[in-house]
Amino acid sequence: MKGLTAKEEELMGHFWEKGPLFVKEMVEFYDEPKPHFNTLSTIVRGLEEKGYLSHRSFGNTYQYFPVVSEEEFRKGTLKKVISKYFNNSYLNAVSSLVKEERISVDELKQLIQEVEQSHQEQNDN
């Protein structure tokens, strides 16, 4: 799946938060100066071409809805970052976060406990 620009990701955030939308509704989410209807419509059609949105027809207008969940998007984005910047190693990514003090030792211990608990629950089932 193709990546998103910052503006596309912003628009997807509206769909993930609010559900199906008409482009004319989206214009109202912005402060002045509001983006032009045609600008948003172009971005939304691009999101549909990339496979993130689909639509339902209502006469001569479309209501768009997400076909990729925010969770799916997050996971895919994380995989791309891990692959591109950490040689496909999740261990290298976590190690980098610890070294840069983005994750404390206590948080790392908590994460290990959660993983061990989840693993144990899977083995019990």
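From the list Glu48, Glu70, the lone residue that is touching a strand residue (DSSP E or B) at 6+ places or on another chain (Cβ under 8 Å), of a type in the set (Asp, Glu) and closer than 30 Å to Lys24 by Cβ is Glu48. Taking first residues from the stretch 87-103 that are more than 18 Å from Lys75 (Cβ to Cβ) and partners that are among the basic types (Lys, Arg), the Cβ contacts under 9 Å between residues at least 6 apart in sequence or on separate chains come to Ser96/Arg102.
Within the stretch 51-67, the only residue that satisfies the criterion of being out of contact with any His (no Cβ under 8 Å at 6 or more places or on another chain), under 21 Å from Glu17 (Cβ atoms) and among the aromatic types (Phe, Trp, Tyr) is Tyr52.
The single condition among (1) under 23 Å from Met12 (Cβ atoms); (2) touching a Phe, Trp or Tyr at 6+ places or on another chain (Cβ under 8 Å) that Glu71 does not meet is (2).
Among all positions in the stretch 68-91, there is no residue which is more than 30 Å from Leu111 (Cα to Cα) and more than 15 Å from the chain's Cα centre (by Cα). Could you list, in sequence order, all residues of the stretch 14-39 that are touching a residue at least 12 places away in the same chain (Cβ under 8 Å) and either out of contact with any Leu (no Cβ under 7 Å at 6 or more places or on another chain) or farther than 17 Å from Gln63 by Cβ (or both)? Result: Trp16, Gly19, Pro20, Leu21, Phe22, Lys24, Phe29, Phe37.
Matching residues to (1) aromatic (Phe, Trp, Tyr); (2) in a loop (DSSP other than H, G, I, E, B); (3) surrounded by 11 or more Cβ atoms within 10 Å (Cβ to Cβ):
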{"residue": "Leu11", "(1), (2), (3)": "no, no, yes"}
{"residue": "Arg45", "(1), (2), (3)": "no, no, yes"}
{"residue": "Tyr64", "(1), (2), (3)": "yes, no, yes"}
{"residue": "Val68", "(1), (2), (3)": "no, yes, yes"}
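Coordinate-derived values only; no laboratory data. None of these values were measured; they are calculated from a predicted model. All Cβ positions, glycine included, derive from the backbone under ideal geometry; neighbour counts span all protein chains shown.
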